[in-house]
Every structure is written in structure tokens, then in C-alpha cells.
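Asker: Dropping the structure in here first, questions after.
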Amino acid sequence: MIPPSFKQDLLARADIVEIVGRYVQLKKAGLNFKGLCPFHGEKTPSFIVSPTRQTYHCFGCGVHGTAIDFLMEHGALGYVDAVKELAQQYGLQVPEDDSTAEQRALAAQARERQATLSEVLAKAAEHYRKQLKGSPRAVQYLKGRGLTGEIAARFGLGYAPDGWRGLASVFPRYDDPLLEESGLVIAQGEGEDAKRYDRFRDRVMFPIRSVKGEVIGFGGRVLDQGEPKYLNSPETPVFVKGRELYGLHEARAALRQRGYALVVEGYMDVVALAQLGFPNAVATLGTACTAEHVHKLFRFTDAVVFSFDGDAAGRRAAGRALEAALPHATDTRSVRFLFLPPEHDPDSYVREFGTDAFERCVADAVPLSRQLIEAARDGCDLSSAEGRARFLAQAKPLWQALPDGLLRRQILADLAQSSAMPVEDLQQAWQGGPAPRAKPPPPDAAPSRRAPASRRLLTGTATLLDRALWLLVCRIELWDELGTAAHDLLAEQPAPYGPAFLWIERHLHEHGPENAETVLQGLLAQQEELGEQGAALLQRVASFHANDPDVDIKRQLHIVLDQLTLAAIKDEWNLLSESGDFDGQAIQRTKELARQYAELKKRLTET
């Protein structure tokens, strides 16, 4: 904790005109200084720096503050880092915190290690940039995607040649542990007998930068049809995927100019959209959007638009983004969700329909309040009391994640209206009494479409889910061969199963097909994230014996999925019987379940 007295002493010594003048061309204007605002695009100066007040203020975009605030905004620094940087400029020592000498020494070592890794990654980035200029094939690929040399230079794009040890000519020691720790080199085996080779080969390279502009990792895309199509750096001391956003460093000024951040699903989308007139796009890095991502974006803008494909995977990603955004959805912030047709990503949509059409899509994006209600009503028949009760049960944890304020109250009123319930009764039930209990699902709700918030573990399925996870560990590439219904069936299971299967999906996307041992080690590293039940699950999976080479894993996986689907059908059938609802729709659904049941039983008997 930095003492307030030190902050005041530091600001008293600092000259804000000198600090700002290093980044902005200032001219004397009466008692003050004036220049073009560095935080938004303008042609007429409206940015005023006052030496008497030691503050700055822009009459165009409204930013204002002290020298510390300026360093935080302009340099994307945290408060402590900004204070330390300003103190260093004036030869002051920031008072130490209450940590021990040993803790401070360890922190200093960690900072030194991170700086060293950043230098290694920057050197690799420069090498890849030079290689791009000498590769007509890579240059032609980028031109084919509609990218100019200017945009490639702005994002620092490069090319990793098709060689196993290309970085050996860049670094004095190819066996330097820093190359492995930074994720540039893969080592198989240990000690002197380890075999080392470049992680990125024959790929267009996208440097991943921190908000301060330091290279912290890479994304690589194949030029042809190889797998995996996209490959990211592994997590390192300087690169944590759940915290970083690709393109945020380049988009900082555009976020203020355009007034919102556009979150897309891939770094190629970010670069292509910048080329097409949307420089305010950023992307997560092969992982679901996290609360940390959202918090970081709201440091630069008060409006965020998430763009997803309209398929099932896009809907699942939107659900995770909604959960991440809810704690940050204050009354003065805007969060919206844009769903494109399944056949389009943002790049292809803009190229086919134009920037104006995409701007209209952004303007028509679904607000957070409506997306919350849509997520909660998935699988609910609001024409029945049971369906409305289930809707409210699914909505409650989402609503409770919102910060207190008028938006929270407005959404409570919308939920009450959608459930045909007085808002006072709903408020009493959620804040002054027992929570609504979810009722059986409506007759027309297919098992594979049940919402994750309400899905429970069906009797007798735990062993089957353990088996399904183990089979996917053995052959992770089978995930991509499963259909949407199977993906939903597994991904929407209650914790820890659903999150574990979603990890399988993300890991395959990031790293491509890997052997069972590598996948298992990666999964075991998720124990803390999956919680106590997840740790028990992973211990069970790790204890499974190796599969017999003669066993058809793909066939075994489909048998397990059929058994899980059969259990879901039985469960829905029982719920229909217990509900006593025998109208025409329920009878039709019962017949459909009977048909599916007979078909699956026959298939399982034949196997």
C-alpha cells in the first residue's frame, strides 16, 4: 500500500507539463498549454495542461487527471507501476510494503525473470518479421487475405520458416532454458539427451503484446491445410491466456475513438477488421472470455460488443462471456452480443456485405439484459408454471452476479414480467425467502438442449462420463468428429464434467491432436480450476489403465455417448410421467422419446 503522503509529495515535485510534453506536442495558450488529445482523434487542439493546477483536461473526450493518471492512461499502467515510474523519474524511492525481505527478493527475481523472457520473445519477433520479407509464399498468403504491408507492420506480423531448428541461428545457445520457458522451443526428454525443436514452423506469426507493448507470446497460423490450423504459445511467467487480449495494445486509441471494444474469436479477425476499418477489435487467445478480460477492457472503454458465430459452439462461448461480464455490468456500462450467421466470421461478413452492414449488426447487437433472459429461458416452456419456475431458477445465479444498481433492478422487473409474477413477490423470494426450485422440463425440451445451469447428474452416468473423458484423453482428435448434439450433451454436464469437456475442446483448438500422456498432463494441471470434485475426477481418470491397442476407441466412445443419451431419454420420460401432463404436445413428445429409445436400444444391442 503506497502511503497517501508519498503520493502527494510526488505530485508536488512532478511537472505535469514536462511529463505530458514527452508524448504530446504542447503550445503555450495563456496560463496553460494546449495540444492534440492523445486519447482520441481530433484536428483542433482541445487538450489543456495546467501547470498551476498540475492537471490535464480534454474538452473533446472528457479525460482528465494528474501526472499519475496520465501515465496510467497513456501507458496502460496500473496505479502502483505508474507511481513507481514517476518516482523513478524524480529520484524518489517508493516506500516498501509490509512484505518480508525474502518476499521482496523473490518478487525482484520474478520481475527480472519476466524482463529476460520478454527480451527473448522480442528477439524472436524481430527474427520472424525479417523472415516474412524473404518468404514470397507467406507474403502472398497475407495479400490473399486482403492485408497490406502497412497493417502487417502495425501488428508486427512475421513468418516462422519450415525448419526444425530455425531459432538456432538467432540465439547463441539453442539449449538455453529460456527458449523452452518462453514457449519458443519444445524439449522432449531431459538433460543433455533432450531433443529440441522450434514450436512454430511454416506459420504466419502474430506477436501477442501486453498493453504496454511488450511481446509476451505468439500465435501461429498454417499457410496450407495442416493441423492444428492455429497454434498459440503455452502459458509462461509473462503470458497468461485468461488475462491477455490479442490486439489490445494496438486498439487502445481506437477504443476511445469508436466508443466500444469489439471482441472477436481469433487474431486473424482482429488484423483483418483493422484493415477493413474496425481497429477497435480484440480477441481472446484460445480460451473462454474471463472476468479479468472484461475488467481489462473496461479500463479503456465503457462499451463492449462480443461477436460470435451463430452455431452451438458460438452460443456456448456467448454463455461464458455473459457470465464473465455480469459482475462488471454497472449502470454506466454497455455489454452487447452480436451473433453472425454460422457461415460467416466478422472478416468474411464485412468483405461480402460491406462495413455499413456490419456497423448495422453492431448497432442491433443484443443487450446484456436480453441475453441474460434468453440464456435463462433456454429449454423452458413459459406457457406453463413449471417452465416459468425453471426459467427463474436458471436466471437467479445470473441475476445475483450483477452489481447492485438500477440495471440489476430493471432486469429483476423484466424477469418478473417474463415469468408472469409480481416483481415484489420475486424480490421477496430471492432476497427475503427461499429461492425458486426448478420444475421438470417442458415436454418439447430435447435432452441435449438442457441449459447447463439446471442440468443435474443423472443416476448411473458418472462412470460413463469418466469413461468418455478418458477416451477423449486417449484420442482427443475424436472431439471434432462428434456432432453438435454430442458436444452439447458433454459440455452441458454439471461440474466438474462440463468444464472438463470444455477444456478438451479448447486444448484441441490450441494445440491440435496430441498423445494421451501430454493431454492427460495438461488436464491434471486444471485440478485447482475444477475444484475438489474435479480433482477427484482427474485422479480417477489418471488411474485408468492404458487402452488395449486392439480396442477401437472411436467405437467405444460412440457406445458411451449412446448410453448417456439413453439415460437422458429415460430421465425425461420419467419426468413427463410424473408431471401428469397428457395434452397433445406431451403425447407427441412421449412417442418421439419412445422412438429414440427403441432406436438406441437396438443399436446398443447390435454392438
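Asker: Out of A317, A393, A357, I need the residue that is at negative phi, at pLDDT 90 or above, crowded, with 18+ Cβ neighbours inside 10 Å and assigned to a helix (DSSP H, G or I). Which one? Steps first, please.
Answerer: Details: A317 fails: at pLDDT 90 or above; A357 fails: crowded, with 18+ Cβ neighbours inside 10 Å.
Just one listed residue meets the conditions, A393.
Results for (1) over 21 Å from L604 (Cβ atoms); (2) more than 22 Å from the chain's Cα centre (by Cα); (3) open to solvent by 10 Å² or more (accessible area, probe 1.4 Å), shown as yes or no for each residue.
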site	(1), (2), (3)
L490	no, no, no
G498	yes, no, no
F501	yes, no, no
I504	yes, no, no
F544	yes, yes, yes
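Asker: Report, by residue number, each residue of segment 506-542 that is part of a loop (DSSP other than H, G, I, E, B), open to solvent by 50 Å² or more (accessible area, probe 1.4 Å) and without any contact (Cβ under 8 Å) to a residue 40 or more places away in the chain.
Answerer: Step one: of segment 506-542, the residues part of a loop (DSSP other than H, G, I, E, B) are 512-515, 525-526.
From what is left, the residues that are open to solvent by 50 Å² or more (accessible area, probe 1.4 Å) are 513-515, 525.
Scanning segment 506-542 gives E514, N515, A525.
Asker: Related question: In segment 269-302, how many residues are at pLDDT below 90 and buried (at least 23 other Cβ atoms within 10 Å of the Cβ)?
Answerer: The total comes to 2.
Asker: Between a first residue in segment 199-217 that is farther than 15 Å from M268 by Cα and a second residue that is open to solvent by 10 Å² or more (accessible area, probe 1.4 Å) and of a type in the set (K, R), which pairs have beta carbons less than 6 Å apart while being 6 or more apart in sequence or on different chains?
Answerer: Close Cβ pairs satisfying both conditions: V215/R209.
Asker: Of the residues P38, P51, which single one is in contact with an Asp or Glu (Cβ under 9 Å, 6 or more places away or on another chain), touching a residue at least 12 places away in the same chain (Cβ under 8 Å), more than 28 Å from P279 (Cα to Cα) and open to solvent by less than 80 Å² (accessible area, probe 1.4 Å)?
Answerer: Every option except P51 fails the conditions.
Asker: Please tell me if D347 is open to solvent by less than 40 Å² (accessible area, probe 1.4 Å), of a type outside the set (F, W, Y) and either assigned to a loop (DSSP other than H, G, I, E, B) or more than 17 Å from L402 (Cβ to Cβ) (or both). Before the answer, list the steps.
Answerer: Details: open to solvent by less than 40 Å² (accessible area, probe 1.4 Å): yes; of a type outside the set (F, W, Y): yes; either assigned to a loop (DSSP other than H, G, I, E, B) or more than 17 Å from L402 (Cβ to Cβ) (or both): yes.
Here the answer is yes, as D347 does meet what is asked.
Asker: Related question: Looking at T484, T459, T463 in this structure, which one is closer than 21 Å to D552 by Cα and modelled with pLDDT under 85? Working first, answer last.
Answerer: Working: T484 fails: closer than 21 Å to D552 by Cα; T459 fails: closer than 21 Å to D552 by Cα.
So the residue among T484, T459, T463 that is closer than 21 Å to D552 by Cα and modelled with pLDDT under 85 is T463.
Asker: For segment 182-201, how many residues are open to solvent by 60 Å² or more (accessible area, probe 1.4 Å) and within 27 Å of the chain's Cα centre (by Cα)?
Answerer: Summing the residues that are open to solvent by 60 Å² or more (accessible area, probe 1.4 Å) and within 27 Å of the chain's Cα centre (by Cα) in segment 182-201 gives 1.
Asker: Which condition number in (1) open to solvent by 30 Å² or more (accessible area, probe 1.4 Å); (2) touching a residue at least 24 places away in the same chain (Cβ under 8 Å); (3) more than 21 Å from G91 (Cα to Cα) is the one that K7 fails?
Answerer: Against the list (1) open to solvent by 30 Å² or more (accessible area, probe 1.4 Å); (2) touching a residue at least 24 places away in the same chain (Cβ under 8 Å); (3) more than 21 Å from G91 (Cα to Cα), K7 comes up short only on (3).
Asker: Scanning segment 233-267 for residues that are at pLDDT below 90 and under 21 Å from Y141 (Cα atoms), which turns out surrounded by the most Cβ atoms within 10 Å (Cβ to Cβ)?
Answerer: My answer is Y267.
The values are calculated or read from the model by the stated rules, or taken from the named source; none is laboratory data. What you are looking at is a predicted structure, and each value in this text was computed from that prediction instead of being measured. We place every Cβ from the backbone using ideal geometry, glycine too, and count neighbours over all the protein chains shown. In case anyone asks, the SASA skips ligands and DNA or RNA and just uses the protein heavy atoms, side chains included. Shrake-Rupley method; radii C 1.70, N 1.55, O 1.52, S 1.80 Å.
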